[in-house]
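I have a structure here, written as structure tokens, and I will follow up with some questions on it.
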Amino acid sequence: MRKDTVSLYQRIVGCGMSISCFVFFALSLAVPSGYSYGAAACVIFALAGVGLCRHKTWSTELKALCAVMVLMGLIWGLSFDGWWSWTGSDYLFKYWLAALCLGVAYQVGVHAGSAVWGCALGGAGALGIAAYQYLVLGWSKATGHTNAIQYGGIAMYLGIATWAMASFGAWPRRQSLLLWLLGGCGVLASLLSGSRGAWVVAPLLLAVVLGVMWHHGQGRRAMWTAVGAALCVAAMVIPAAGKFEARVDQAMAEVPLYWDHPQQGATTSAGQRLEQWRLALRMGAQRPLTGWGVSGVVVQKQKMVAAGLAHPSVLEYGHAHNEILDMWAKRGLIGVAVLLAFYAIPLAVMWPTRTRLARAPPVQRPALLAVRVAASLLPIAYFGFGWTQVFFAHNSGNIFYLFSLVAFVGCIRWLEKPQGGRPG
């Protein structure tokens, strides 16, 4: 194939991947299964562009990301109920297709605006749905087109990631203000969901953003970012302070109730989580290496409830409301090790070190820093969400994590070339 033909082919695939990643973020919460449309388009363009990856050298970082995706997909595929027993889940194929998309995105690059404005409009779309459900339908909390916890967590991430990119990107003032406004939409949508897990993670994400600013010598910007974020959150919370205070008071009352009266407290929202954690800890300790298996853990839970060792409320859910404990009970330390790597490797690869920023031309380093910070927040957010919810038990949690990584890897690759040039 002629060189100019290959270049045109690469540009077409790159343009398709960029549009797909933008659609992925922008529609993630705005329409039913919105994250699936952009993800499916990414797969189509990746399959069309797989030939571009032949005879190309992949970086060690990319190999590590692809390897952990493939391995995590295998973990979800194996049920651990016996040797080579399978769950029948399609997660294995989704993870392996995402790894393919990752490789193609790295090769062709993804326009940085796909992540920046995709996340921003994704937050705005989330607020549109939340406002309709909260104000028009009169719901007590917004759930979007999934459940309130998944919706609230993803919306919070979109909002704070947009704030981070607005703070680091060195945009023109009007664009920066618009990004701050759209990021606030995502945060407000999360607050309207009543998802307390997202509220707890938000300060951690903001602390990471401020820490990166201090590390890169942007102390003044860190101060103004902290003030801006505090004012935005206050403006959102104060009008409905009673609602948020009631949610916090409820949790503060349910925890001591569980400790003092376990049978009564295990029926509350916080108490049931504590009961699930206690049971998962006990079950994991019984089979620490491989766990009880996906089906075996259900049978064992029923036996322990029948023996009076756990409250019947634990049977209402198929998971332990904690990502790590759920993995330990079902797949043991083998599964936990891979899960922790699934958080740690993307964080290690995306983290904005000075050496990595130096790969880009000086004019593009602010945007590269912005994208790398937003990408680094993703595994941190998921790790935090996982303490009170099994995010990967839901299709939304898996697809959003996987294809966000695809988009960010492509954007980073695009920014590392002069004038956002396509990788050769």
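For the stretch 77-91, indicate whether the set of residues that are in a helix (DSSP H, G or I), under 30 Å from Val297 (Cβ atoms) and open to solvent by 30 Å² or more (accessible area, probe 1.4 Å) is non-empty. Even if it seems obvious, please write down each step before you answer.
Of the residues in the stretch 77-91, the ones in a helix (DSSP H, G or I) are 77, 91.
Filter again for under 30 Å from Val297 (Cβ atoms), leaving 77, 91.
Now restrict to residues that are open to solvent by 30 Å² or more (accessible area, probe 1.4 Å): 91.
Yes, the stretch 77-91 contains at least one residue that is in a helix (DSSP H, G or I), under 30 Å from Val297 (Cβ atoms) and open to solvent by 30 Å² or more (accessible area, probe 1.4 Å).
I'd like to check something: does the stretch 242-260 contain any residue that is among the hydroxyl-bearing types (Ser, Thr, Tyr), at pLDDT below 85 and touching a Leu at 6+ places or on another chain (Cβ under 6 Å)? Step through it out loud before you land on a result.
To start, the set of residues in the stretch 242-260 that are among the hydroxyl-bearing types (Ser, Thr, Tyr) comprises 258.
Subsequent filtering for residues that are at pLDDT below 85 retains 258.
Okay, now just the ones that are also touching a Leu at 6+ places or on another chain (Cβ under 6 Å), so 258.
Scanning the stretch 242-260, I find at least one residue that is among the hydroxyl-bearing types (Ser, Thr, Tyr), at pLDDT below 85 and touching a Leu at 6+ places or on another chain (Cβ under 6 Å), so the answer is yes.
List the pairs whose first member sits in the stretch 194-214 and is on the phi > 0 side of the Ramachandran plot, whose second member is open to solvent by 30 Å² or more (accessible area, probe 1.4 Å), and whose Cβ atoms are under 8 Å apart, counting only residues at least 6 apart or on separate chains?
The qualifying pairs are Gly194/Ser140; Gly194/Lys141; Gly194/Lys243; Gly194/Arg247.
Condition test on Arg247, is it over 20 Å from the mean Cα position of the chain (by Cα), more than 18 Å from Thr162 (Cβ to Cβ), surrounded by 12 or more Cβ atoms within 10 Å (Cβ to Cβ) and of a type in the set (Lys, Arg)? Can you show your working first?
Values: over 20 Å from the mean Cα position of the chain (by Cα): yes; more than 18 Å from Thr162 (Cβ to Cβ): yes; surrounded by 12 or more Cβ atoms within 10 Å (Cβ to Cβ): yes; of a type in the set (Lys, Arg): yes.
Yes.
Yes or no, residue by residue, for (1) outside any helix (DSSP H, G or I); (2) among the small types (Gly, Ala, Ser); (3) open to solvent by less than 10 Å² (accessible area, probe 1.4 Å):
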residue: Gly159; (1), (2), (3): no, yes, yes
residue: Ala170; (1), (2), (3): yes, yes, no
residue: Leu178; (1), (2), (3): no, no, no
residue: Gly183; (1), (2), (3): no, yes, yes
residue: Ala198; (1), (2), (3): no, yes, yes
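Quick one: is Ala337 among the hydrophobic types (A, V, I, L, M, F, W, C), within 29 Å of the chain's Cα centre (by Cα) and modelled with pLDDT under 95?
Values: among the hydrophobic types (A, V, I, L, M, F, W, C): yes; within 29 Å of the chain's Cα centre (by Cα): yes; modelled with pLDDT under 95: no.
No, not satisfied.
Could you list all residues from the stretch 289-317 that are farther than 12 Å from Lys330 by Cβ and either touching a His at 6+ places or on another chain (Cβ under 9 Å) or not in a helix (DSSP H, G or I) (or both)?
Leu289, Val305, Ala307, Gly308, Leu309, Ala310, His311, Tyr317, listed by residue number.
May I pose another question? Give me a count of the residues in the stretch 41-63 that are surrounded by fewer than 17 Cβ atoms within 10 Å (Cβ to Cβ) and either in a helix (DSSP H, G or I) or small (Gly, Ala, Ser) (or both). Give the steps one after another, and end with the answer.
In the first step, residues of the stretch 41-63 are kept if they are surrounded by fewer than 17 Cβ atoms within 10 Å (Cβ to Cβ); the result is 44, 47-48, 50-51, 53-60, 63.
Imposing the further condition that a residue be either in a helix (DSSP H, G or I) or small (Gly, Ala, Ser) (or both) reduces the set to 44, 47-48, 50-51, 53, 59-60, 63.
Residues in the stretch 41-63 being surrounded by fewer than 17 Cβ atoms within 10 Å (Cβ to Cβ) and either in a helix (DSSP H, G or I) or small (Gly, Ala, Ser) (or both): 9 in total.
List, please: which pairs have Cβ atoms under 6 Å, are six or more places apart or on different chains, and start with a residue in the stretch 307-319 that is more than 15 Å from Gln263 (Cβ to Cβ) and touching a residue at least 12 places away in the same chain (Cβ under 8 Å) and end with one that is surrounded by 12 or more Cβ atoms within 10 Å (Cβ to Cβ) and of a type in the set (Val, Ile, Thr)?
His319/Val390
The values are calculated or read from the model by the stated rules, or taken from the named source; none is laboratory data. Computed from a predicted model, the values in this text were never measured in an experiment. Cβ coordinates were reconstructed from backbone atoms using ideal geometry, including for glycine residues, and neighbour counts include every protein chain displayed. To get the accessible areas, we keep the full protein, side chains included, count just its heavy atoms, and leave off ligands, DNA and RNA. Shrake-Rupley method; radii C 1.70, N 1.55, O 1.52, S 1.80 Å.
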